[in-house]
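Q: Please find one structure pasted underneath; my questions will follow.
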Amino acid sequence: MKKVLLVAFAACQGFIAYSQTATDTTQAPLVKISGSADVYYRYNFNGNNTDNKTSFTNSHNSFELGMISLKAEHEFKKGSIVADLGFGKRAAEFSYNETTDKTNTAELAIKQLYIGYQVLDKLKISMGSFGTHVGYELLDAYLNRNYSMSYMFSNGPFFSTGVKADFTISSAWTAMIGVFNPTDFKSASWTNNKYVGAQLGYSSTKAPLKLYLNYLEGKDTTGIQNHQIDFVATYQISSVLGLGYNGTVSTYNDTRDKEPGASAKKWWGSALYVNVDFNDKLGLTVRGEYFDDKDGLKTFATAGGGHVVAGTLSLNYKVGNLTVIPEFRVDNASVDIFNKKSGAPAATSPSVLLAATYHF
């Protein structure tokens, strides 16, 4: 009987060891590494770099480094992490609230850093810092067909830091809701103010149509209430022709000692993108944008208000992961916010640039 018990005990021990070994052999996938870089040359026909009123191309008659990025992603079971770093002038402007030296063109920035947990098949919770869900254009140059940025991108939020929940409602519908620090702050421990963000997305299963309704609301670090509603649409008509649209309105209400009857101030914009792909190597994008800042909140702050119409024509020549972008742009404002090299005021600012992007 004693021998039988010993044999049974040994068998149990062997089974437990086998079970543990079988479980432990489940290995996590390798870390996914990706990255990109961009460089450009810009010439402004007014003869100075102060005529650039949008992000990332503040130069004239100069070869410039944009940004080099390195992104690491990993998932195992229900957990995941994304770490996205940027280095260069573009990264410095993106993280302007963390930049102490405004002349520093070699700034290292955490573009994104968040940890996620797949609670359910259709629900994922993430905490950290994310690129904004608002708008059509993106920070990484290789993801945009125009190299220069729109006024809406430049004056809207760049990123949000907080916690969010992503829902998969159906094969066509998605949703997101989150609570964040004030816009473009990775740290905001000195203020109790928070923002609420949301997105409702639709991707047609019958046509190449995508729609996004975005919302962002909260009090900024000075206590001013902000509401922004943003709409993005893309439609691929054929393999040759595609359309994109972005419309946004951002309202500001100063709740601090507000005078009775004072109305809220706002800026708004609308842009249409027309993408033509002649073949897999050569494409063209035309962006037309109207940006209204009559209350002087953003671009026209020193001018007391106004609006600008901007047209951008960009060629895209692709060789593998390399894209070369020759671009011509004209900005025409309702007031003289631009300047000639002599210092004379001007309402129009034409420019050309040549950019190159590479991603892996």
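The values are calculated or read from the model by the stated rules, or taken from the named source; none is laboratory data. Being a predicted model, the structure only gives us computed values, none of them experimental. Neighbour counts are summed over all protein chains in view; Cβ atoms, including those assigned to glycine, are modelled from backbone coordinates with ideal geometry. To get the accessible areas, we keep the full protein, side chains included, count just its heavy atoms, and leave off ligands, DNA and RNA. Shrake-Rupley method; radii C 1.70, N 1.55, O 1.52, S 1.80 Å.
Q: Would you please list the contacts, defined by Cβ atoms under 6 Å and residues six or more apart or on different chains, that run from a residue in region 296-324 that is in contact (Cβ under 8 Å) with a residue 40 or more places away in the chain and more than 16 Å from D38 (Cβ to Cβ) to a residue that is assigned to a strand (DSSP E or B) and open to solvent by 70 Å² or more (accessible area, probe 1.4 Å)?
A: Close Cβ pairs (under 6 Å, with a partner that is assigned to a strand (DSSP E or B) and open to solvent by 70 Å² or more (accessible area, probe 1.4 Å)) amount to L297/K265.
Q: So is T105 of a type in the set (S, T, Y), at pLDDT below 95, within 22 Å of Y151 (Cβ to Cβ) and open to solvent by 50 Å² or more (accessible area, probe 1.4 Å) or not?
A: Criteria not met by T105.
Q: Taking region 167-186 as the region of interest, how many residues are of a type in the set (S, T, Y), free of Cβ contacts under 8 Å to residues at least 40 places away in the same chain and farther than 22 Å from L138 by Cα?
A: 2
Q: Turning to a different aspect of this structure: Being closer than 29 Å to V324 by Cβ and among the aromatic types (F, W, Y) is the filter here, so list the residues in region 291-314 that pass it. Working first, answer last.
A: At the first step, the residues of region 291-314 found to be closer than 29 Å to V324 by Cβ are 291, 308-314.
Scanning region 291-314 gives a single hit, F291.
Q: Let me ask something else about it. Look through region 30-63, keep the residues that are crowded, with 20+ Cβ neighbours inside 10 Å and assigned to a strand (DSSP E or B), and return whichever of them is farthest from the chain's Cα centre (by Cα).
A: Out of the qualifying residues, it is N44.
Q: Suppose we keep only residues that are charged (D, E, K, R) and part of a loop (DSSP other than H, G, I, E, B) within region 279-302. Which one would you say is surrounded by the fewest Cβ atoms within 10 Å (Cβ to Cβ)?
A: Here the answer is D280.
Q: For I110, state whether it is open to solvent by 50 Å² or more (accessible area, probe 1.4 Å), in a strand (DSSP E or B), closer than 30 Å to T312 by Cα and among the β-branched types (V, I, T).
A: When the stated conditions are applied, I110 passes them.
Q: List pairs: first in region 144-166 and open to solvent by 20 Å² or more (accessible area, probe 1.4 Å), second outside any loop (DSSP other than H, G, I, E, B) and among the charged types (D, E, K, R), Cβ under 6 Å, 6+ apart or cross-chain?
A: D166/K124
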